[in-house]
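**Q** Below are the structure tokens for one structure; questions will follow.
The values are calculated or read from the model by the stated rules, or taken from the named source; none is laboratory data. As the structure is a computational prediction, the values presented were derived from the model and not from experiment. Please note: Cβ atoms are built from the backbone with ideal geometry, for glycine as well, and neighbour counts cover all protein chains shown. Remember, those area values only see protein heavy atoms, side chains included, never the ligands or the DNA or RNA. Shrake-Rupley method; radii C 1.70, N 1.55, O 1.52, S 1.80 Å.
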Amino acid sequence: MTNSATSHLLPVFARVDLGFERGEGAWLIATNGERYLDFTSGVAVNALGHAHPHLVAALQEQATKLWHMSNLFKSPDGERLAARLCEQSFADFVFFANSGAEAMECAIKIARRYHASKEHPERYRLVTFEGAFHGRTLGTLAATGSAKYLQGFGPPLDGFDQVPHGDLEAVKKAIGPHTAGILIEPVQGEGGVRSAPPAFFRALRQLCDDKHILLIFDEVQTGMGRTGDLFAYKRLGVTPDIMPLAKALGGGFPIGACLATAEAASGMTPGSHGSTFGGNPLAVAAANAVLDVMLQPGFFEHAQKMSLLLKQKLASVVDRHPKVLAEVRGEGLLIGLKAVVPSGDLVNALRDERLLTVGAGDNVVRFLPPLIVTEAEIEQSVQRLDRACVALSGGELKRAAS
């Protein structure tokens, strides 16, 4: 890791001393010409890989027409994107933002405003879960509830009651007269690629219906195909009231979205929320292009097939290297390898083999290949993992994971 003394970038990232100049599909080419197999995908962002021709063409065309206007005026392309997202989901309305954290902020505001509009302004609290990650703004940090992210930023925003992940009785106890809803990720990405059984999510839906509160699924990371369907809630068979999206929505171009039913969004009126850049024409063009590709016949079947293949091959590596790897977990192409050695050492060893991965909580390393990954590329990734495990088990590491 390095933080150059000559850099004028705020030193909030412990950046690896490695830079890239271009990408091709599942590959990144470093400034020194070396090729890396990218199973980070910009942390689940580049779902269609790098320089996808349809995305490139869509942005090039839009760049010659209109970059920015204002949400004071109509956006025909934004209307089309919103309609397509609603057609493919439970939602009636969409708000466009610039990031996952902004989409999450919108979801929190929609939930609070809903109850205020029903003459219950006291209902503003959300039940959240240990191990979650919802963003870096002060509001989403409070929803996340992790001390390491909150430290040094003053008292956290009030309104969040955190309970153990998957503990239904704890959820029931946390719900009170001030509860507005329940906020959960279908799969915890940053938290270690952890999920609860489908029955738990069905129970949350029933609780929300019984208590007249809202269910929010944070699909910033799981949405847009990452778990094998366009949205993870479809695999669970449980429909939320509000759903933030981002990451893969723009295929690499910054855009977030918050989807909601007409009932959940009934409190949102002109002036209650806004964004200068949200629904920017360039971002909308990118997101529409992503949907063009993902909605083609066979796209998700391919992703599901690659998921099964990768999981099977990773499991065989776990069997061969039990002193390095413990288990495979995850859904679709959001896959976690729980390590025995420190996960950061595994990430480094994989990078030495020219395979890019990203760490997560619970001593997990995430494999997040683009959804267009091929069988040959999966085979290459497994071979590189195997070599990294050999290196790690060859006496180079003596310490156990903390």
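**Q** Take the solvent-accessible surface of the protein heavy atoms, probe 1.4 Å, and return the percent of it on the chain that carbon and sulfur atoms account for.
**A** Summing carbon and sulfur atoms, their accessible area is 54 percent of the total for the chain.
**Q** Just to check I understand the Karplus step: with θ = phi - 60° and J = 6.51 cos²θ - 1.76 cosθ + 1.60, what whole-Hz values come out for the stretch 257-274, glycine and proline as x?
**A** So the J values, rounded to whole Hz, are 8, 10, 9, 8, 6, 4, 5, 4, 8, 5, x, 8, 10, x, x, 7, 7, x.
**Q** Under a plain spin-label model, where a point goes 7 Å from the Cα along Cα-to-Cβ, how far apart in nm are GLN88 and SER316?
**A** Output for this residue pair reads 3.3 nm.
**Q** Report Rg(Cα)/(2.2 N^0.38 Å) for the chain, keeping two decimals.
**A** 0.99
**Q** Residue by residue through the stretch 177-189, which ³J(HN,Hα) values in whole Hz follow from phi under the Karplus form 6.51 cos²θ - 1.76 cosθ + 1.60 (θ = phi - 60°), with glycine and proline marked x?
**A** Going residue by residue, I get x, 9, 7, 9, x, 10, 10, 8, 8, x, 9, 6, x Hz, with x marking Gly and Pro.
**Q** Helix 198-211: angle to the longest alpha-carbon principal axis of the chain, degrees 0 to 90, nearest 10?
**A** Relative to the chain, helix 198-211 is tipped by roughly 20 degrees.
**Q** Taking Cα atoms, how many degrees apart are the long axis of helix 281-294 and the longest axis of the chain, rounded to 10 and kept between 0 and 90?
**A** 70 degrees
**Q** For the chain, what is the mean residue ellipticity at 222 nm derived from helices alone (per DSSP H run of n ≥ 4: -39500 (n - 2.57); sum divided by total residues; nearest 500 deg cm²/dmol)?
**A** After summing the helix terms and dividing by the residues of the chain, the value is -11000 deg cm²/dmol.
**Q** Does the stretch 1-135 come out rounded, prolate or oblate by the C-alpha gyration tensor, with a ≥ b ≥ c the root eigenvalues, rounded set by a/c under 1.5 and, if not, prolate when a/b is larger than b/c and oblate if not?
**A** Oblate is the answer for the stretch 1-135, as a/c is 1.5 or above yet b/c matches or exceeds a/b.
**Q** DSSP beta bridges in the chain, what fraction antiparallel, as a percent rounded to 5?
**A** If I count the DSSP bridges inside the chain, around 70 percent turn out antiparallel.
**Q** Based on the Cβ-Cβ distance of MET69 and HIS8, what FRET efficiency does E = 1/(1 + (r/R0)^6) give at R0 = 41 Å, to the nearest 0.05?
**A** 0.85
**Q** Just to verify a number: FRET efficiency for GLU122 and LEU295, C-beta to C-beta distance, R0 = 30 Å, to 0.05?
**A** 0.10
**Q** Still on this structure, please answer the following. Within the set LYS148/LYS211; LYS109/LYS338; LYS109/LYS211; LYS109/LYS234; LYS234/LYS305, which residue pairs have Cα atoms separated by over 26 Å?
**A** LYS148/LYS211; LYS109/LYS338
**Q** For the chain, which cysteines have no disulfide-compatible partner, meaning no other cysteine Cβ under 4.7 Å?
**A** That list is CYS86, CYS208, CYS389.
**Q** Would you grab the residues whose amide H sits under 5 Å from the one on LEU215? Only those 5+ places off in sequence or on another chain, please, with H modelled 1.01 Å from N.
**A** ILE182, ASP241, ILE242
**Q** Hey, what's the chain come to in accessible area per residue, 1.4 Å probe, Å²?
**A** So the chain comes to 45 Å² accessible per residue, rounded to a whole number.
**Q** Over what distance in Å are the Cα centres of the stretch 133-175 and the stretch 4-39 separated?
**A** 32 Å
**Q** Another one. With a ≥ b ≥ c taken as the square roots of the eigenvalues of the C-alpha gyration tensor of the stretch 317-402, please select rounded if a/c is under 1.5 and otherwise prolate if a/b is larger than b/c or oblate if it is not?
**A** It is prolate, given that a/c is not under 1.5 and a/b is the larger ratio.
**Q** For PHE20, which sequence-distant residues (separation of 5 or more, or a different chain) have an amide H within less than 5 Å of its own amide H, given hydrogens modelled in the peptide plane?
**A** Hits under the 5 Å cutoff: THR31.
**Q** Between LEU308 and GLU263, what is the label-to-label distance in nm when each label sits 7 Å out along the Cα-to-Cβ direction?
**A** 3.7 nm
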